[in-house]
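Below is one structure; the comments refer to it alone.
The values are calculated or read from the model by the stated rules, or taken from the named source; none is laboratory data. Remember, it's a predicted structure, so these values are computed and weren't measured experimentally. Cβ: placed from backbone, ideal geometry, glycine included. Neighbour counts: every protein chain shown.
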Number of protein chains: 2
Amino acid sequence: MNDMTQSPEMLIATMANRARGAGAALALADDATKARGLELAAQALRDKCNDICRANEQDMENAAARGLTPALLDRLRLDTDRVEGTAKGVEQVARLSNPLGSIIEETRRPNGLILQRVRVPLGVIGIIYESRPNVTADAAALCLRAGNAAILRGGSEAVESNRAIHAAMTEGITAAGLPVHAIQLVPTTDRAAVGAMLRASGLIDLIVPRGGKSLVARVQEEARVPVLAHLDGMNSSYVHSKADSAMAKSLIVNAKMRRTGICGATETILFDSAFPATAEIIAALIDAGCAVRGDEAITALDNRVTPASEEDWDTEYLDAIVSAAQVSGPDEALTHIAAHSSHHTDAIITEDADVAERFLNQVDSAIVMWNASTQFADGGEFGLGAEIGISTGRLHARGPVALEGLTTYKWVVRGTGQTRP
Amino acid sequence: MNDMTQSPEMLIATMANRARGAGAALALADDATKARGLELAAQALRDKCNDICRANEQDMENAAARGLTPALLDRLRLDTDRVEGTAKGVEQVARLSNPLGSIIEETRRPNGLILQRVRVPLGVIGIIYESRPNVTADAAALCLRAGNAAILRGGSEAVESNRAIHAAMTEGITAAGLPVHAIQLVPTTDRAAVGAMLRASGLIDLIVPRGGKSLVARVQEEARVPVLAHLDGMNSSYVHSKADSAMAKSLIVNAKMRRTGICGATETILFDSAFPATAEIIAALIDAGCAVRGDEAITALDNRVTPASEEDWDTEYLDAIVSAAQVSGPDEALTHIAAHSSHHTDAIITEDADVAERFLNQVDSAIVMWNASTQFADGGEFGLGAEIGISTGRLHARGPVALEGLTTYKWVVRGTGQTRP
């Protein structure tokens, strides 16, 4: 194999053709075999833990020499616990119920034709990701469980770790008799390979970018292949006048501060002008270590609040910072959200069911919540078992995407010789 | 309004913002109002039939002067019957059941959160189409019935007809109290407006091209907005050794010759070498006026068969021409289909249920059929009431796309103050 000397286009075309062939074989493999392949892959991850950690040390040394930030270094780092966590994640995917073969819909036509819509694999899925090497295992496991072949393109800083994890994954699945090309890792760190994947229309069926905004933006800009993309989590929580004060405080502090770096974190709080405990919640946030940037009304409540700029209402901080505004009621809250939301997750806190239902109905976001923390925006918390990402797009899959989002359907028509009149 | 003097980008952005606003209003309108709007639109099409036909005469004169082919002129032509047919089509869409608000899935999490996936409108849909002016009414009706705002961009040769039909449609929907910008027609025939639509990422949620291959190819090449595209209908019918001869003859002649110009027409026939009545079916096709291009074995059966070139196996004739090959059995048939199918519709004719099920399972096409004519590949025949198109892509919607394909879903989460641990 001389993959390293091919043009990126040739390389990706070759890999995609192998993936298509592997996908056809996967489509014929029964579900137990796919589950067994993932269990063996999890075991291989454990067996090769030392190899993986050694490979990771090399990546860490190179990354440190290149001056990566401590945050990036932490994302890159693997140890026995993290490898065990990755193996457990793969086992969890092995235990998810089979998404394939289910009949979505069945109808019998007056002419006797019987039509079924049957769930089938999506095909060949390209995953483009950054520093976290566990994605090599997580994403591959989800793709395979849904009968898809995966082409993985990790970050250059994680190249050795990714290779070691990929070797364990393919060892596991081939031991179960599954095709080795069901999980392929792009062997070059040449950035042109990413471009070739994005242009591989007809060869790759779906691209899933996993990483920061600049990666996702590049993918969306360049891709000719459909993209399942997660842009910002510019989420609001609206505290209605009839919110329970204690519940509102607990929800808001959790929604903002539980983990500030996840996409489900609340970034803007809208307080109804008739809600009585706004100052108390602002104080609780500040006491919890959150910087609050407020509009005029909010700034007047606490001298530790700094004035928000126009930009703040559109900023996903992913940090212990929040923007807060006062609104005159549900209409103004809905208008603010329509103008600034990234259509990821928005929540209302209220004891008024009518106002809540109106909010749930009118807010056009992937996830809308009533009296719950926006931090629940997560495939695991939604009971999906795992997620390949949270889609902020509107087509195919919206919100947390797990196995079902990695499938499509076909129409199966059974007749007895019917001709069309 | 000075739409005609704006840049195409400004024009489309303005229209898309109006569409977004109209879509928000549509999302709040109840279903009966949307149905009523379409009934009034159908009535307005009938009331304005003379205006529409006069506008169409002008288009026809211009088109004749420009030397359009008789086939294109026929597509462009409207008369009282065709306008009545269009009105009936709009009424039919009005009577389809409401696709919105249904709960796709509901789960209760251990922490008490109740999750629902609820069907909602897709948003703003751009339709780019060619000469048939009835698309102005058909596509707008389907978009509106599913709660979406439509931006319509018809062919320049049909500009007067489209304007007249659009005027009737908006008269109808506004009489029901629906927003006028729910159905907008791009006011310029400048081709740059199409490019602006294709690049209107975030403003337009979905582009549906309706037209010939060159239009669809341009749209797929240039689009940054997701596309629901129908490429070729390079469909095969495979006559297995255990096919009933009489059924096979009737199905093959129907699948090829009923209407040769539709995307569900069979373009390649694969005859099992052990099937005894191949020559009879070839003769029946030729007697019905079909030119048969065969491989060596088929050419030897009838001196009216001409030899097929390599190109023939990938050619969607849309005409009374068919390519025919002999295969040694299901494996070779599956290999041929995998290599040449456009993943639209493929059929097997056999009395052997095991072979049939294997074919239905292994052929990776939007529609797979057993003992039925491929000409049934149609939303109406599938009981969908109408179709916006047949998708040969794999994401979001596959095969005939009707109302459900013009919706998405959102996750609605109802809690009682749950915070994430």
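Brief remarks on what is shown
- Matching residues, region A:23-38, being surrounded by fewer than 17 Cβ atoms within 10 Å (Cβ to Cβ) and outside any helix (DSSP H, G or I): A:ASP30
- Residues considered: A:GLY385, A:GLY389, A:GLY415, A:GLY379. Of these, the only one that is touching a Leu at 6+ places or on another chain (Cβ under 7 Å) and surrounded by fewer than 21 Cβ atoms within 10 Å (Cβ to Cβ) is A:GLY385.
- Exactly one residue among B:PHE382, B:PHE376 is within 22 Å of B:ARG95 (Cα to Cα) and at the interface with chain A (Cβ under 8 Å from one of its Cβ atoms), and that residue is B:PHE382.
- For region B:385-396, the count of residues that are at the interface with another protein chain (Cβ under 8 Å from one of its Cβ atoms) and farther than 30 Å from A:ALA347 by Cβ is at least one.
- Flag if A:ALA243 is at pLDDT 95 or above, assigned by TED's automatic domain parsing to the domain that holds A:ILE282 and either among the charged types (D, E, K, R) or buried (at least 21 other Cβ atoms within 10 Å of the Cβ) (or both): yes
- Test: residue in region B:332-343 that is at the interface with another protein chain (Cβ under 8 Å from one of its Cβ atoms) and not charged (D, E, K, R): yes
- Every condition in (1) surrounded by 17 or more Cβ atoms within 10 Å (Cβ to Cβ); (2) free of Cβ contacts under 8 Å to residues at least 60 places away in the same chain; (3) not in a helix (DSSP H, G or I) holds for A:LEU78 except the one numbered (2).
- Residue satisfying condition, being modelled with pLDDT of 95 or more, buried (at least 23 other Cβ atoms within 10 Å of the Cβ) and among the small types (Gly, Ala, Ser), within set A:GLY126, A:GLY112, A:GLY177: A:GLY126
- Residues in region A:305-324 that are within 29 Å of the chain's Cα centre (by Cα) and outside any loop (DSSP other than H, G, I, E, B): A:GLU310, A:GLU311, A:ASP312, A:TRP313, A:ASP314, A:ILE321, A:VAL322, A:SER323, A:ALA324.
- Residues that are away from chain B (no Cβ under 13 Å) and hydroxyl-bearing (Ser, Thr, Tyr), drawn from region A:239-259: A:SER241
- Residue tally, condition basic (Lys, Arg) and more than 19 Å from A:ALA140 (Cα to Cα), over region A:6-62: 1
- Residue satisfying condition, being farther than 24 Å from B:ASP354 by Cβ and within 14 Å of another protein chain (Cβ to nearest Cβ), within set B:GLU222, B:GLU267: B:GLU222
- Put simply, of B:ALA284, B:ALA243, B:ALA255, B:ALA279 the only residue that is in contact (Cβ under 8 Å) with a residue 60 or more places away in the chain and either in a helix (DSSP H, G or I) or touching a Pro at 6+ places or on another chain (Cβ under 6 Å) (or both) is B:ALA255.
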